[in-house]
Amino acid sequence: MDGLAKRDVWIVDVAPRDGLQNDPAELGIADKVELVRRLLGAGVYCVEVGSFVSSKRVPKMADTDEVVRELGYFAIERCTCLIPNERGYDRARLVGLKDVRTVVAASSTMNRKNFNCEVEETFDEICRITSRAQAEGVKVGAVIGTAFGCPYEGTVPAEKVLRLVEQLVGLGVQEILLADTTGMAVPVQVAKLCEGVLRVTDGFRVWVGIHLHNTRNAGYANAFAAWQSGITLSCLPRRHRRVPVCAQGYRQHCYGGSSAHAGALRGTNGYRPRSSYSHLKLVSREAGP
């Protein structure tokens, strides 16, 4: 426990993406830019500034390009974004982002509902993105959705998630995030899967993170279980709870959305990603300051 307590904490706030796309409030470009700047100014290591998805499917993310342009070069050095495919990657690169996150669901049904394709097709897309990113000096993370259960298929076997992790490591992604997409996880399950993933990735230049929801008020216990397993994390607010960031009413979602999220990362072999971050993220001392 003493060793764990000495680990550093790195925070990524996703209010501009996961928070706003699920919030009834409508913010204009100027307000979104101000939100990102204030979050960075508050000491957050990185902000997930938005997603490059179809504006028909997620209307509130239609102006992500303009938000990034308004932020400017120095601010976006500490920003990441979510992309579903190569088109999203192209848009991210066009506005100068050098950090992107792709997504694949461990559940075939969820993957079809999110991306209208099979898991294998999504992997082909991630492979193409990773290949281009490596040539262009762009950092790529991969989120494994429904890693702890699927609302359509129910239990997702840990072995299936571990196979996805092995494949992603093989593609050369620099960050792997386990997502409890709909808040189905329980602490024992979280600890076991985190330990398994850390074993699979041991010795590789990849960070492992966790993304939790507090849907059933299990988020805190799940976060603690992940921390005990070797993935350090900072905080996990209650469902719907928001933490004020400034007097003008901008608010920080701890991994945003209708449920709270948390994430954490552990480096291996002294490796640190370009900006040392990930959702509520942590880095162990063995990975360096």
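The values are calculated or read from the model by the stated rules, or taken from the named source; none is laboratory data. Note that this is a predicted model, so its numbers are computed, not measured. Cβ: placed from backbone, ideal geometry, glycine included. Neighbour counts: every protein chain shown.
Considering the range 45-73, and only residues there that are of a type outside the set (Ser, Thr, Tyr) and touching a residue at least 60 places away in the same chain (Cβ under 8 Å), the residue that is farthest from Pro16 (Cα to Cα) turns out to be Cys46. So which residues in the range 83-92 are more than 17 Å from Asn116 (Cα to Cα), in contact (Cβ under 8 Å) with a residue 40 or more places away in the chain and in contact with a helix residue (DSSP H, G or I) (Cβ under 7 Å, 6 or more places away or on another chain)? Of everything in the range 83-92, just one residue is more than 17 Å from Asn116 (Cα to Cα), in contact (Cβ under 8 Å) with a residue 40 or more places away in the chain and in contact with a helix residue (DSSP H, G or I) (Cβ under 7 Å, 6 or more places away or on another chain), namely Tyr89. Asp65 falls short of the stated requirement of being surrounded by 23 or more Cβ atoms within 10 Å (Cβ to Cβ) and either farther than 26 Å from Ile231 by Cα or not hydrophobic (A, V, I, L, M, F, W, C) (or both). For Glu26, the conditions (1) out of contact with any Ser or Thr (no Cβ under 8 Å at 6 or more places or on another chain); (2) touching a residue at least 12 places away in the same chain (Cβ under 8 Å); (3) assigned to a loop (DSSP other than H, G, I, E, B); (4) crowded, with 17+ Cβ neighbours inside 10 Å are fulfilled apart from (4). Take the range 33-79 and flag every residue that is in contact with an Asp or Glu (Cβ under 8 Å, 6 or more places away or on another chain) and of a type in the set (Val, Ile, Thr). Within the range 33-79, Val33, Val44, Val47 qualify. Of all residues in the range 133-146, those that are closer than 28 Å to Asp180 by Cα have Cβ atoms under 8 Å from Cβ atoms of residues that are surrounded by 22 or more Cβ atoms within 10 Å (Cβ to Cβ) and of a type in the set (Asp, Glu), 6 or more apart or on another chain, in Val138/Asp99; Lys139/Asp99; Lys139/Glu175; Val140/Glu175; Gly141/Asp99; Gly141/Glu175; Ala142/Glu175.
Could you list all residues from the range 30-78 that are of a type in the set (Asp, Glu), at pLDDT 95 or above and in a strand (DSSP E or B)? Before the answer, list the steps.
Taking the range 30-78 and keeping what is of a type in the set (Asp, Glu), we get 31, 34, 48, 63, 65-66, 70, 77.
Applying the additional criterion that residues be at pLDDT 95 or above yields 31, 34, 63, 65-66, 70.
Across the range 30-78, there are no qualifying residues.
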